[in-house]
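In what follows, a single structure is set out as structure tokens and then discussed.
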Amino acid sequence: MGRRAKHPLRPAGRISCGIDIPEEHAPAVRAQQVSAITRLTRPLMLVNLMNAVLLIAVLRFTDQLSPPALVWGGVAAAVSLLSLLRAQIRGKRPTPDAVSRRTIRRVVRSSALFGLLWAVPGLVVLPDATGLAQAFCASLLTGMVGGGAIALYPIPMAAAVFAAFVCLGSILGLAFHGMLMAAAFAASATGFFFVFTRVILQHTRTFVDEYVGRLELEKRNKLISDLLEQTQLEAVGERQRSEQRLVRAQKMEAIGQLTGGVAHDFNNLLAAIQGHAELIELEGRADPHLVTPILSATARGAALIQRLLSVARKQVLKPEAVDLDDLVRELLLLLQRTLGPHIRIETQVPEGLWPPLADAGQLEGALLNLALNARGAMPEGGTLMIECANVDADSARRRPLELKPGDYVEIVVRDTGHGMSPSVRERALDPFFTTKKFGSGSGLGLSIVAGFIQQSEGQIQIESAPGAGTAVHLLLPRAEAAQAAPDTRAPRRTAVGNGETILVVEDEADVRDITVRMLEGLNYRVLTSGDARDALRKIVTDRTIDLVLTDILLPGGMTGFELARNVDRMAPALPVTFMSG
């Protein structure tokens with residue numbers, strides 16, 4: 001016959017005598033039950049040995065020692081000594097954390113064997129003994145039942161079988177010898193056994209409940225400890241990320257200040273060159289074939305300066321409500337001609353898309369820049385996807401980005417290229433960082449995009465992995481209704497003067513000179529100052545000044561803005577206009 005299947009309705013966590021415990025704790029509870037009994041094995045064996053010797057001694061003292069009793073005494077002493085030796089050896093082993101039901105059954109069998117061992121005195125000694133010997137034997141057997149109950153209560157079945165065999169031996173011994181006291185003893189033993197069983201079960205339930213409660217408490221404490229450790233690790237990780245963001249922000253600020261300063265000075269030089277070239281062209285004093293390359297070179301230089309200012313987040317932007325549907329449609333036509341037939345282009349612009357608040361020209365340039373980067377990542381062809389979506393304030397707040405509260409519009413440029421390693425992705429937005437060969441890239445593409453997005457009060461995020469392509473997420477603030485209104489201003493035109501006086505405040509001599517010549521060519525009277533303090537003195541002494549045209553960055557500790565505030569206090573009716581490279 002095969003092995004009998006487990007009863008389908010029996011709880012997996014049930015231990016002996018019907019006490020249910022959670023299944024996950026059953027092995028540990030069984031181990032604790034066995035451990036509680038094992039710790040008492042040596043004292044119990046010493047008591048067994050001592051009681052067997054005392055019983056033989058009393059029988060010998062009262063001249064009632066029979067050969068069966070003597071044989072029993074020898075067997076009891078030998079078994080006790082052997083068990084004591086085994087317990088001494090086993091005591092050096094560590095207590096297991098979990099045991100099986102087989103171990104519980106082994107303990108029950110051992111208890112049954114010791115119960116049979118102590119049933120023998122009830123069969124062969126108690127009925128024949130008289131006087132002191134009989135009283136001592138009865139007391140000894142009663143004490144063994146009580147002591148066994150106390151020692152074996154963690155496993156109720158073990159305590160029950162031990163007590164049952166001891167009592168049964170005494171009842172059978174008295175009954176076989178026809179003693180009337182057997183019936184009374186049996187009735188007394190039955191009542192005692194019933195009460196004994198109830199008490200044992202109650203104590204066992206208390207034992208199990210306390211231990212399971214301790215296990216649950218340890219489990220909760222471990223869970224709390226793990227949560228605290230995880231929280232601490234997350235806090236440490238967030239602090240490290242914050243420190244990295246701070247270092248990056250400081251580095252970008254330093255690069256921005258350096259780049260902005262260089263761009264400003266360089267722009268002043270270009271302005272002087274371009275201004276003089278335009279004057280030469282207007283006056284017709286030089287060959288146009290010589291002037292045109294100069295103007296073309298200064299235009300390219302000005303475009304480069306705008307790229308540097310974009311990295312420094314100091315470029316001049318004209319934010320407006322951008323219709324992404326139109327912008328993406330126009331960009332698609334350009335990309336189809338630019339990227340080539342080996343790259344498939346997909347767009348997704350849902351209905352009801354909010355207009356973002358951004359400089360339309362700069363946004364188109366940023367998307368074109370990302371598309372060209374994607375082409376470089378797909379030399380053998382692939383798919384470029386441009387996806388747009390609305391991001392409400394709640395969704396934006398859950399993003400791991402530093403965003404101001406409000407609604408946003410997300411533009412995702414995704415490719416199926418070779419992707420980036422984590423180290424490259426971390427540095428992808430750094431200025432002048434590139435993985436291309438020398439001369440193939442400036443390392444400013446993504447930096448310019450990031451500078452434009454962040455100057456527009458948005459954020460940029462890159463998702464990429466080697467072999468999994470790259471997705472660049474651009475989040476721009478949603479344009480409000482007032483910002484979405486079309487620009488109805490009249491086109492600008494050159495204002496020709498009628499002898500009005502303009503005070504030009506500019507510290508760069510070349511820029512100041514070319515500005516003076518241009519204004520004089522437009523029929524204005526021009527005064528000049530190299531710093532703000534000199535300009536204030538001229539405003540006080542010359543009441544004919546009609547306009548102050550000032551640079552923003554000036555020497556002497558006073559900026560163009562501070563100059564304007566002083567002019568407003570001194571001559572509220574005098575207008576101030578700013579100019580800056």
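Here, each number is a calculation from the coordinates, and none is a lab measurement. Quantities reported herein were computed from a predicted structural model and do not represent experimental measurements. Because the Cβ atoms are built from the backbone with ideal geometry, glycine has one as well, and the counts that use them run over all protein chains shown.
What to note about this one:
- Additional length obtainable on full extension of the chain from M50 to N498, 0.36 nm per residue less Cα span: 148.1 nm
- With contacts taken as Cα pairs under 8 Å at a separation of at least 6 residues, the range 501-579 carries a relative contact order of 33 percent.
- Whether the range 501-579 is rounded, prolate or oblate, judged on the alpha carbon gyration tensor where a/c under 1.5 counts as rounded: oblate
- Label-to-label distance, nm, for residues given as L40 and D265 (7 Å Cα→Cβ offset): 9.3
- A Förster radius of 22 Å combined with the Cβ-Cβ distance from R300 to L279 puts the calculated FRET efficiency at roughly 0.65.
- The range 339-420 shape via C-alpha gyration tensor axes, a/c threshold 1.5: prolate
- Label point distance in nm, L553-V424, each placed 7 Å from Cα along Cα→Cβ: 3.5
- Between L401 and R517, the simple label model (points 7 Å from Cα in the Cβ direction) yields a spacing of 4.8 nm.
- Contour excess over end-to-end distance, with Cα ends at E243 and R344 and 0.36 nm allotted per residue: 32.3 nm
- Summarising the strand pairing of the range 325-410, around 35 percent of its internal DSSP beta bridges are antiparallel.
- Each of the peptides 35-41, 525-531, 572-578 was scored by the mean count of other Cβ atoms within 10 Å over its residues; in descending order, highest first, they stand as 525-531, 35-41, 572-578.
- By the count of neighbouring beta-carbon atoms within 10 Å, fewest first, S464, S111, S139 end up ordered S139, S464, S111.
- Counting neighbouring beta carbons within 10 Å and listing from fewest to most, the residues M420, M570 come out as M570, M420.
- Between A509 and V236, the FRET efficiency estimated from the beta carbon spacing at R0 = 51 angstrom works out to 0.35.
- Using a Förster distance of 56 Å, the FRET efficiency for L172-R220 (Cβ separation, nearest 0.05): 0.60
- Pairwise centroid distance, computed over Cα atoms, of the range 362-389 with the range 507-562, Å: 46
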